[in-house]
Amino acid sequence: MAIVTRLVKDKAVVIFSKSSCCLCHSIKTLICSFGANPTVNELDERADGQQIEKELKALGCKPCVPAVFIGEELVGGANEIMSLHLKGELVPMLIKERAIWL
């Protein structure tokens, strides 16, 4: 978990993604549409991408991308993010972590 922990430390929003994943693109677009500027880690473009994938799977991410951390906490993948958005809970989480200002 060392790499993932280091990458999410002190960041409001971190997305682990793959550049060819359409669900990843959709989640990045959604979060950015609120004015957030997430830190995006494209696992297929990183030398340590496979190790990060293993760490994300160990944390319970299945599939391992997209994986979204808000306030250093694993929120989940596409299903969890879309569910939070539809329930009106995603924006308040982003505001709480100062990822966006309204």
In the range 54-75, anything surrounded by fewer than 18 Cβ atoms within 10 Å (Cβ to Cβ) and touching a residue at least 60 places away in the same chain (Cβ under 8 Å) is listed as GLU72
Residue tally, condition open to solvent by less than 30 Å² (accessible area, probe 1.4 Å) and farther than 13 Å from PHE69 by Cα, over the range 22-34: 2
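Residue-wise test of (1) farther than 22 Å from LEU102 by Cα; (2) surrounded by fewer than 18 Cβ atoms within 10 Å (Cβ to Cβ).
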| residue | (1), (2) |
| --- | --- |
| VAL14 | no, no |
| LYS18 | yes, no |
| ALA36 | no, no |
| ASP44 | yes, yes |
| ILE52 | yes, no |
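The values are calculated or read from the model by the stated rules, or taken from the named source; none is laboratory data. All of these numbers come straight from a predicted model, not from anything done at the bench. Reconstructed Cβ throughout: ideal geometry from the backbone, glycine too, with neighbour counts over all protein chains shown. Accessible surface is based on the protein model in full, side chains and every heavy atom, while ligands, DNA and RNA are left aside. Shrake-Rupley method; radii C 1.70, N 1.55, O 1.52, S 1.80 Å.
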